[in-house]
1. Considering only protein heavy atoms, what is the solvent-accessible area of Phe379 at a probe of 1.4 Å, reported in Å² to the nearest 10?
2. Counting Lys and Arg as +1 and Asp and Glu as -1, what is the net charge of the other residues whose Cβ lies under 14 Å from the Cβ of Val460?
3. How many percent of the accessible area of the range 341-425 is carbon or sulfur, using a 1.4 Å probe?
4. In whole angstrom, how long is each semi-axis of the equivalent ellipsoid of the range 300-367, when you take the square root of 5 times every eigenvalue of its Cα gyration tensor and sort them from largest down?
5. Could you order Lys123, Lys214, Lys52 so the one with the most accessible surface comes first? Probe is 1.4 Å.
6. At a temperature of 10 °C and a viscosity of 1.306 mPa s, determine how fast the range 343-447 diffuses translationally according to Stokes-Einstein, using the Kirkwood radius over alpha-carbon pairs as Rh; express D in µm²/s, rounded to the nearest whole number.
7. When the Karplus curve 6.51 cos²θ - 1.76 cosθ + 1.60 is applied with θ = phi - 60°, which whole-Hz ³J(HN,Hα) does each residue of the range 28-34 get, with x for Gly and Pro?
8. Under 18 Å Cα-Cα from Lys52, which lysines qualify once same-chain neighbours fewer than 8 residues away are excluded?
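The values are calculated or read from the model by the stated rules, or taken from the named source; none is laboratory data. Everything numeric in this text was worked out from a predicted model, so none of it was measured. Quick reminder, even Gly has a Cβ in these numbers, built from the backbone with ideal geometry, and neighbours come from all protein chains shown. Accessible surface is based on the protein model in full, side chains and every heavy atom, while ligands, DNA and RNA are left aside. Shrake-Rupley method; radii C 1.70, N 1.55, O 1.52, S 1.80 Å.
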Amino acid sequence: MDPVTIGRWQFGITTVYHYLFVPITIGLSMLVAVLQTFWVRTGKLRYLQLTKFFGKLFLINFALGVVTGIVQEFQFGMNWSEYSRFVGDIFGAPLALEALLAFFLESTFIGLWIFGWDKLPKKLHLMTIYLAAFGTMLSAVFILAANSWMQNPVGSVLRFENNRAELDGLSGFFELLANPVFIATFIHTITAAYMVAGGLIAGISSWHLAKVNKRIEDGDLSTSAGAEERATWRWAARFGAAVLLVASVGVVVSGDMQSKVMTDVQPMKMAAAEALFHTTTNAPFSVFTIGSLDGRSEVWALHVPGLLSMLSGHETVQGINDLEAQYQEHGFLRNDGSRLPLQEQVAQAIADGHLSEEMRASFEQIDFVPNVPVSYWSFRAMIGLGMVGMGVALLILFRLRNETSASRVEPAWWWTAMMWAVPLGPLFANSFGWIFTEMGRQPWLVAGAMPTAAGVSLSVSAGEMLFSLITYTLVYGGLAVLEVFLFMKYMKAGLPEVEAPVVIDDPDAPLTFAY
């Protein structure tokens, strides 16, 4: 058993599972705040109903997200202690800020939002959910800054006296936040999160709308009683679909930014994403490729001429085989043949026989080519599933364009599509996007500065890692069952009965859990 492989599987499983909650939390927190704003400004109870309904789903998701996210930081000390020792002074700074600022901000104001309905004035209570939503985005800032540094280690230097990477003073911290990878990634991640949240609202609301229409047709609900509920769900479905489509524009624009930055700082990742094996001028975009069994050559492909060169921002795009030969001779290089200061210092230290024996050995044994099939297909799954969500959102807007079409009883396939295609398309697109981001960076933990094999803990055996991998997988599996059960239970319950909350002036009155 290889500790590096087991450690990667463990971190990958827990991270992908945790990231199922992240985009919902980021996007839904702000959209719930918007729904509450409609209620505060109009006084209409339909908006309060939607706020309470989607607010409950948000809280379920937030609670499970916190539980699964705590494990992530523990793993840096458990399975990846050599990584923490080498770059902890850099990587730890944004993580600490995320815990001290973002997490406490969002958790504090979510608590005030939950228990403050009858304690705080309307507008002050509304502010608490906006601050909680801001906290989720601030959390994304610090986490993405840390991850983007791993992709492009700016603002850092190697201290030879202790063989550790450190930020290059205060200016290095600001470079970390100005990292072009971070800027593109942050916009892409936030807009993708709003695609997920918009899709969730659109899908659930369309499902309930279809359910209401069926109950009216079957005589289980009077037309007059169902009219207001139908209007509420129609408005919510259109609202969610509109958010999804607007966010998708941001995803496309920021994705174009990302592709150009990725080509500049990680040309091998771009080549792997397109399964481009040979350097090509006016490079085509591969819609579908069949590769050899070892993933090292192309057998057959369907191409769109010139599109890859347009996406990369370079007329000539370097291929996998040419990059591999270049790296074997010179080590890691950016697209223009340069290195960042940390990458240059590490390369020189390895050549001079400095750093640890394990670090030098990992550089000698490195395979510069990532897993091409995983990089290629995860990239296409990300794009394809996002487009599925966008397509169904357009269908929702078309079918709910007026009151007549909104009252139509939909066939069974519509119910299925609303329940699954709209929310899960963008959600799984997010997951595949992160799989591509992390798998395409391989074989590096820190691009050009630390191979993945050098970061694993030396004192943790493969058996211990395997035991924790199995344990976490079982625990997370149980949490998945709990999450789906709670989400489906309260999602199917429909709109709650609500009354406009009355603020209680008595400071000694007990807190009320509003959900």
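1. 30 Å²
2. On the way: positive: Arg8, Arg85; negative: Asp2, Glu82, Glu358, Glu464.
Around Val460, the charge tally is -2.
3. Here carbon and sulfur together make up 63 percent of the probe-accessible area.
4. Values: eigenvalues 203, 41, 14 Å².
Computed over the range 300-367, the values are 32, 14, 8 Å.
5. Numbers: Lys123 160, Lys214 75, Lys52 35 Å².
Descending accessible area places them as Lys123, Lys214, Lys52.
6. Values: Rh = 17.5 Å.
The calculation lands on 91 µm²/s.
7. Karplus values, whole Hz, x for Gly and Pro: 6, 4, 6, 5, 5, 4, 5.
8. Partners found: Lys44, Lys119, Lys122, Lys123, Lys489, Lys492.
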